[in-house]
2 protein chains.
Amino acid sequence: MAFKVGLLGLGTVGVGTVEILQNPAQRHPLLQDVVIHKVGVRSLDKSRSITVPTDSLTTDLESIVTDPDIDIVVEVIGGLEPARSLMLKAIEHGKHVVTANKAAIARFGDEIFTAAAEAGVYVLLEAAVGGGIPVIEPLKQSLCANRLNTVIGIINGTTNYILTRMQLEGGDFADILADAQTLGYAEADPTADIDGLDAADKIAILAALSFGGRIKLPDVHCEGIRHVSAVEIAYAEKLGFVIKLLAIARRASETTDQLEVRVHPTLVPKSHPLASVNDVYNAILIEGDPIGQVMFFGRGAGAGPTASAVVSDILNIAALLTIGHGEAKQVDGKPLLDPLLACSHQHYCAIAPMADLVTRFYARFLTKDYPGVIGKLGTCFGDHDVSLESVVQAGMRDGFAEIVVVTHDVREGNFRTALEEIQALPTIATVASVLRVL
Amino acid sequence: MAFKVGLLGLGTVGVGTVEILQNPAQRHPLLQDVVIHKVGVRSLDKSRSITVPTDSLTTDLESIVTDPDIDIVVEVIGGLEPARSLMLKAIEHGKHVVTANKAAIARFGDEIFTAAAEAGVYVLLEAAVGGGIPVIEPLKQSLCANRLNTVIGIINGTTNYILTRMQLEGGDFADILADAQTLGYAEADPTADIDGLDAADKIAILAALSFGGRIKLPDVHCEGIRHVSAVEIAYAEKLGFVIKLLAIARRASETTDQLEVRVHPTLVPKSHPLASVNDVYNAILIEGDPIGQVMFFGRGAGAGPTASAVVSDILNIAALLTIGHGEAKQVDGKPLLDPLLACSHQHYCAIAPMADLVTRFYARFLTKDYPGVIGKLGTCFGDHDVSLESVVQAGMRDGFAEIVVVTHDVREGNFRTALEEIQALPTIATVASVLRVL
């Protein structure tokens, strides 16, 4: 049997995908049944590190998604449009879709999966989160017996690289970002990574899979790492923590159906499995009943890992086509989909307001008037049920006494109210930093 | 649709499995289609923490595997027989099989998977390696695009618990084993764990999946942890290592098809991702092209994690039955199997002799005559192409000078020959320890 692939895009991931498909030796034998039928590119003349038959290249991407010979459309052009429209048209024409496009899936997953369910085709997206790390398929298939409670990920390589270097070198954010840009670890416009937007897209996708409901992207609370300074990293280190940009999705409590879905820099205890995930590596920690904790770790980006995920998705579809996808069972004349592999959530998850979050906090204050200030801080916090784990007068900075506070688990709303009062105290010069603690 | 399960065994894992199946809320909706039809037990009267309808209990296990109503047989009795015969009979009667039985699969996988391929049924075994950690299905499905090179696992919880405590407490093997037995972390007869046999079963299974060929269990080189002393752990620590029982399967070289498959205590650099996998946790590190390194981490045993894997396998089969397993495509009147999920290797992998292994070594010698002994050691090693990374005269022990050697990568055969000559030197009192270094 031969399964024909139409590839949209021949950038880094597209080239990585072609390299695997053209070199099936010592990989799964099913690869030999997969044929690259068409490749959609922006320019026919660009010189490339791989060779694709000239007659398979086209700049007419629409002709690929409507080509009756093509079984599987692989979307690796990225971005929102025309990626979204091309995927929808491919689905409409009965093609299965493999995509690495977290931005489009996080925003249009609803529309895309609904269309796919109606058409009886699969939309697989292992490459959209964590690069090559198997996490989407394990969530769908290997962990499906569990009631999942928590998903915590380091799922943006750029920010993890920057934070790791800040930690090791004691350097400042801006300098290391600039260096990361020079080295190609950060984009010229780093906003999507640095401000946590990329991680927000990915955690929205993971949350939808883990908790069986759709997530509205604007509901995801998102803070980036611009305000993480070398001072915070040094204090975190002294207190036994490292700072990581975590993407977190969890059930808000046993008694509600609400979820927390959030991205923010977080103090992680050094003994925690995520604390030693450094550089561009990603990791996703999942907690469920009865499995307990499992963690998946690997390179979260790059041509090779991402193409590994793309081609695995292609092979998973090829396997289902081999055994006769849709030939035996149909609904309204459309193939019935594997209930574990297909995504077709009918409802949106309720997201708990950040004010209701219960978490520990780290805060650093610059104060004018040391004697008595700890008492005033303690009183303000205590008035709002914020109990403190430690208060340390850490030293002097810029002529101010520097006080570092770590709280116990507290309600975020209470903490913020107390903080507003503290900010208004004449003795407080600056609330220099507020970070959550895992 | 209702899928009927026949459960063989109601021990820890069996009870865990029933608990999930009886509590489908907030798990995958497909669970609601799975029904426990029969449960095979040794005694009908035993009091149990769960309630199973009395008329589904039977001591006649054979009646379950031949019951025409049953779709999926779940084997969680463990051991070689009657597990093997019951699985084969279930397959013969057209039932899919889910098993947690690493011992039976490692020994009889050949016979069992051949029978399953002929009968057109699945034999799934996620629970056999790493408890609940998804690794079998990711190897089959999510990593299938890769040319895998190396699988390294900490896949025995008992030995990892003992080694972790030896490292933290500086205690001796025998004392901590005794304590682990009291606490239930080690069996009354700890042989299978302590001597590496359990890990050997598991790495044989992982190697077969990773490299697409069967493994003969006697080909797996297997050393346990009985000879790992507190002294070795302390020296390893000083040198920047921890000692872990590693199970390793890898391509012996780029130019041959031979594999290395081995289990032995190993010095692991503290910076390595496996070094911080402690206590009863398991982890499996996989290296492939083009994915690079990925690691899977979690609890490797226990009712909950293992039952998570068992029920996920049940649901994966239920999903394939939902979409009409075998109704559309058949071969010789038998259902065609998903080429990624089915195991049907036709050949045995060639295993490289241990003498050809290239690795680093750690060795500790007690010597009678310090002046000149380092020269003699160096000469013996040098004569056999064993180049040394470090030689340290570490101190005195029992009236002997203690010398610790770490080699560069060397051929094991050469190292052993040099070691024999060294052992015969009059100046050498004892070769106190030899361990491999990752």
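Among the residues of region A:377-390, which ones are out of contact with any Ser or Thr (no Cβ under 6 Å at 6 or more places or on another chain) and buried (at least 17 other Cβ atoms within 10 Å of the Cβ)?
A:Leu377, A:Cys380, A:Phe381
What helices (runs of 4 or more DSSP H) completely inside region A:1-105 contain at least 1 residues that are within 14 Å of chain B (Cβ to nearest Cβ)? Walk me through it before giving the result.
Details: elements: A:12-22, A:61-65, A:83-92.
The helices (runs of 4 or more DSSP H) meeting that bar are A:12-22.
Give me a count of the residues in region B:166-187 that are surrounded by 17 or more Cβ atoms within 10 Å (Cβ to Cβ), touching a residue at least 60 places away in the same chain (Cβ under 8 Å), farther than 15 Å from B:Gly300 by Cα and out of contact with any strand residue (DSSP E or B) (no Cβ under 7 Å at 6 or more places or on another chain). Before you say what the answer is, go through the steps one by one.
At the first step, the residues of region B:166-187 found to be surrounded by 17 or more Cβ atoms within 10 Å (Cβ to Cβ) are B:166-167, B:173, B:176-177, B:180, B:185-186.
Those still in the list that are touching a residue at least 60 places away in the same chain (Cβ under 8 Å) too: B:166-167, B:185.
Filter once more, so that each one left must be farther than 15 Å from B:Gly300 by Cα: B:166-167.
Among the residues that remain, those that are also out of contact with any strand residue (DSSP E or B) (no Cβ under 7 Å at 6 or more places or on another chain) are: B:166.
Adding up the residues that qualify gives 1.
Which members of region A:61-82 meet the condition of being touching a strand residue (DSSP E or B) at 6+ places or on another chain (Cβ under 7 Å) and either more than 23 Å from A:Ala318 (Cα to Cα) or in contact (Cβ under 8 Å) with a residue 60 or more places away in the chain (or both)?
Restricting attention to region A:61-82, the residues satisfying the condition of being touching a strand residue (DSSP E or B) at 6+ places or on another chain (Cβ under 7 Å) are A:61, A:64-65, A:67, A:69-77.
If the condition is that a residue be touching a strand residue (DSSP E or B) at 6+ places or on another chain (Cβ under 7 Å) and either more than 23 Å from A:Ala318 (Cα to Cα) or in contact (Cβ under 8 Å) with a residue 60 or more places away in the chain (or both), then A:Asp67, A:Asp69, A:Ile70, A:Asp71, A:Ile72, A:Val73, A:Val74, A:Glu75, A:Val76, A:Ile77 are the ones that fit.
So which of A:Arg397, A:Arg360 ends up being among the basic types (Lys, Arg), surrounded by fewer than 17 Cβ atoms within 10 Å (Cβ to Cβ) and touching a strand residue (DSSP E or B) at 6+ places or on another chain (Cβ under 7 Å)?
Details: A:Arg360 fails: surrounded by fewer than 17 Cβ atoms within 10 Å (Cβ to Cβ).
Sole residue among the options that is among the basic types (Lys, Arg), surrounded by fewer than 17 Cβ atoms within 10 Å (Cβ to Cβ) and touching a strand residue (DSSP E or B) at 6+ places or on another chain (Cβ under 7 Å): A:Arg397.
Each row is one residue, and each column tells you yes or no for (1) out of contact with any Phe, Trp or Tyr (no Cβ under 9 Å at 6 or more places or on another chain); (2) of a type in the set (Gly, Ala, Ser); (3) not assigned by TED's automatic domain parsing to the domain that holds A:Met396.
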position: A:Gly184; (1), (2), (3): yes, yes, yes
position: A:Glu187; (1), (2), (3): yes, no, yes
position: A:Asp193; (1), (2), (3): yes, no, yes
position: A:Ala199; (1), (2), (3): yes, yes, yes
position: A:Ile205; (1), (2), (3): yes, no, yes
position: A:Gly212; (1), (2), (3): yes, yes, yes
position: A:Val220; (1), (2), (3): yes, no, yes
position: A:Val231; (1), (2), (3): yes, no, yes
position: A:Leu239; (1), (2), (3): no, no, yes
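Just to check your reading of the model, which residue among A:Ala352, A:Ala342 is in contact with a Phe, Trp or Tyr (Cβ under 8 Å, 6 or more places away or on another chain) and at negative phi?
Details: A:Ala352 fails: in contact with a Phe, Trp or Tyr (Cβ under 8 Å, 6 or more places away or on another chain).
It is A:Ala342.
Note down all Cβ pairs under 7 Å where the first residue falls in region A:409-421 and is assigned by TED's automatic domain parsing to the domain that holds A:Asp385 and surrounded by fewer than 17 Cβ atoms within 10 Å (Cβ to Cβ), the second is modelled with pLDDT of 95 or more and among the basic types (Lys, Arg), and they're at least six residues apart or on different chains.
That search, which allows pairs on different chains as well, returns A:Asp409/A:Arg360.
Being in a helix (DSSP H, G or I), more than 7 Å from chain B (Cβ to nearest Cβ) and of a type outside the set (Lys, Arg), is that true of even one residue in region A:237-249? Talk me through it step by step, then tell me what you get.
Pass one, region A:237-249, residues in a helix (DSSP H, G or I): A:237-239.
Right, trim to more than 7 Å from chain B (Cβ to nearest Cβ) and you get A:237-239.
After this cut, where a residue has to be of a type outside the set (Lys, Arg) as well, the list is A:237, A:239.
Scanning region A:237-249 turns up at least one residue that is in a helix (DSSP H, G or I), more than 7 Å from chain B (Cβ to nearest Cβ) and of a type outside the set (Lys, Arg).
Looking only at residues in region B:106-147 that are of a type in the set (Ser, Thr, Tyr) and within 13 Å of another protein chain (Cβ to nearest Cβ), which one is farthest from B:Val311 (Cα to Cα)? Show your work before the answer.
In the first step, residues of region B:106-147 are kept if they are of a type in the set (Ser, Thr, Tyr); the result is B:114, B:122, B:142.
Filter once more, so that each one left must be within 13 Å of another protein chain (Cβ to nearest Cβ): B:122, B:142.
On the way: B:Tyr122: 14, B:Ser142: 19 Å.
Only one residue tops the list, namely B:Ser142.
Under 8 Å between Cβ atoms, which residue pairs at least 6 apart in sequence (or on different chains) link something in region A:47-59 that is farther than 14 Å from A:Gly6 by Cβ with a partner that is outside any loop (DSSP other than H, G, I, E, B) and modelled with pLDDT of 90 or more?
That search, which allows pairs on different chains as well, returns A:Arg48/A:Val15; A:Ser49/A:Val15; A:Ile50/A:Val15; A:Ile50/A:Val18; A:Ile50/A:Glu19; A:Ile50/A:Gln22.
What are the residues in region A:84-136 that are in contact (Cβ under 8 Å) with a residue 60 or more places away in the chain and in contact with an Asp or Glu (Cβ under 6 Å, 6 or more places away or on another chain), if any?
Result: A:Val98, A:Lys102, A:Ala103, A:Ala106, A:Leu124, A:Glu126, A:Ile136.
Regarding B:Thr114, is this residue surrounded by fewer than 24 Cβ atoms within 10 Å (Cβ to Cβ), among the hydroxyl-bearing types (Ser, Thr, Tyr) and more than 20 Å from B:Ile205 (Cβ to Cβ)? Break it down stepwise before answering.
On the way: surrounded by fewer than 24 Cβ atoms within 10 Å (Cβ to Cβ): yes; among the hydroxyl-bearing types (Ser, Thr, Tyr): yes; more than 20 Å from B:Ile205 (Cβ to Cβ): no.
Spelling it out, it is not the case that B:Thr114 is surrounded by fewer than 24 Cβ atoms within 10 Å (Cβ to Cβ), among the hydroxyl-bearing types (Ser, Thr, Tyr) and more than 20 Å from B:Ile205 (Cβ to Cβ).
When the residues of region B:261-294 are filtered to those that are within 7 Å of chain A (Cβ to nearest Cβ) and surrounded by 23 or more Cβ atoms within 10 Å (Cβ to Cβ), which remaining residue is nearest to the chain's Cα centre (by Cα)? Can you show your working first?
First pass over region B:261-294, keeping only residues within 7 Å of chain A (Cβ to nearest Cβ): B:273, B:276, B:290-294.
Then keep just the ones that are surrounded by 23 or more Cβ atoms within 10 Å (Cβ to Cβ); that gives B:291, B:294.
Values: B:Ile291: 22, B:Val294: 17 Å.
Top of the filtered list is B:Val294.
Looking at B:Ile155, B:Ile162, can you tell me which residue is buried (at least 21 other Cβ atoms within 10 Å of the Cβ) and under 30 Å from B:Gly212 (Cβ atoms)? Quick ask: steps written out before the conclusion?
Values: B:Ile162 fails: under 30 Å from B:Gly212 (Cβ atoms).
Going through B:Ile155, B:Ile162 in turn, the sole match is B:Ile155.
May I ask you to verify whether B:Arg250 is charged (D, E, K, R), at pLDDT 95 or above and under 18 Å from B:Ala352 (Cα atoms)? If you could, list the steps in order and put the result at the bottom.
On the way: charged (D, E, K, R): yes; at pLDDT 95 or above: yes; under 18 Å from B:Ala352 (Cα atoms): yes.
Taking the combined requirement at face value, the residue satisfies it.
Is there a residue in region A:218-233 that is part of a helix (DSSP H, G or I) and over 23 Å from A:Leu168 (Cα atoms)?
Here is the first cut: in region A:218-233, the ones part of a helix (DSSP H, G or I) are A:218-219, A:230-233.
Checking the rest, the ones that are also over 23 Å from A:Leu168 (Cα atoms) come to A:218-219.
Yes: one or more hits.
Which numbered condition trips up A:Lys376, out of (1) closer than 30 Å to A:Cys222 by Cα; (2) out of contact with any Lys or Arg (no Cβ under 8 Å at 6 or more places or on another chain); (3) away from chain B (no Cβ under 14 Å)?
Of (1) closer than 30 Å to A:Cys222 by Cα; (2) out of contact with any Lys or Arg (no Cβ under 8 Å at 6 or more places or on another chain); (3) away from chain B (no Cβ under 14 Å), only one is false for A:Lys376: (1).
If you check A:Leu337 against the conditions, is it part of a loop (DSSP other than H, G, I, E, B) and in contact with a strand residue (DSSP E or B) (Cβ under 8 Å, 6 or more places away or on another chain)?
Values: part of a loop (DSSP other than H, G, I, E, B): yes; in contact with a strand residue (DSSP E or B) (Cβ under 8 Å, 6 or more places away or on another chain): no.
Criteria not met by A:Leu337.
Condition first: at pLDDT 95 or above, small (Gly, Ala, Ser) and farther than 16 Å from B:His264 by Cα. Now tell me which residues in region B:143-173 satisfy that.
B:Ala145
Within region A:254-298, how many residues are over 23 Å from B:Gly132 (Cα atoms), in a loop (DSSP other than H, G, I, E, B) and touching a residue at least 24 places away in the same chain (Cβ under 8 Å)?
7
Starting from residues that are more than 14 Å from A:Ile205 (Cβ to Cβ) and under 16 Å from the mean Cα position of the chain (by Cα), keep the ones in region A:249-260 and report whichever is surrounded by the most Cβ atoms within 10 Å (Cβ to Cβ).
First, the residues of region A:249-260 that are more than 14 Å from A:Ile205 (Cβ to Cβ): A:250-258, A:260.
Of the ones still in play, those that are also under 16 Å from the mean Cα position of the chain (by Cα) are A:250, A:260.
Details: A:Arg250: 20, A:Glu260: 22.
Looking at residues that are more than 14 Å from A:Ile205 (Cβ to Cβ) and under 16 Å from the mean Cα position of the chain (by Cα), I get A:Glu260.
Only residues that are surrounded by fewer than 22 Cβ atoms within 10 Å (Cβ to Cβ) and in contact with a Lys or Arg (Cβ under 8 Å, 6 or more places away or on another chain): list them for region A:5-35, please.
Across region A:5-35, the qualifying residues are A:Val15, A:Ala25, A:Gln26, A:Val35.
Answer yes or no: is there a residue in region A:305-316 that is closer than 23 Å to B:Leu31 by Cβ and under 20 Å from the mean Cα position of the chain (by Cα).
Among the residues of region A:305-316, not one is closer than 23 Å to B:Leu31 by Cβ and under 20 Å from the mean Cα position of the chain (by Cα), which makes the answer no.
For the structure I just gave you, tell me whether B:Lys46 is surrounded by fewer than 18 Cβ atoms within 10 Å (Cβ to Cβ) and among the basic types (Lys, Arg). Spell out how you get there, then give the answer.
On the way: surrounded by fewer than 18 Cβ atoms within 10 Å (Cβ to Cβ): yes; among the basic types (Lys, Arg): yes.
Spelling it out, B:Lys46 is indeed surrounded by fewer than 18 Cβ atoms within 10 Å (Cβ to Cβ) and among the basic types (Lys, Arg).
The values are calculated or read from the model by the stated rules, or taken from the named source; none is laboratory data. The model shown is predicted, which means the values in this text are computed figures rather than measured ones. Positions of Cβ are backbone-derived with ideal geometry, glycine not excepted, and every protein chain shown enters the neighbour counts.
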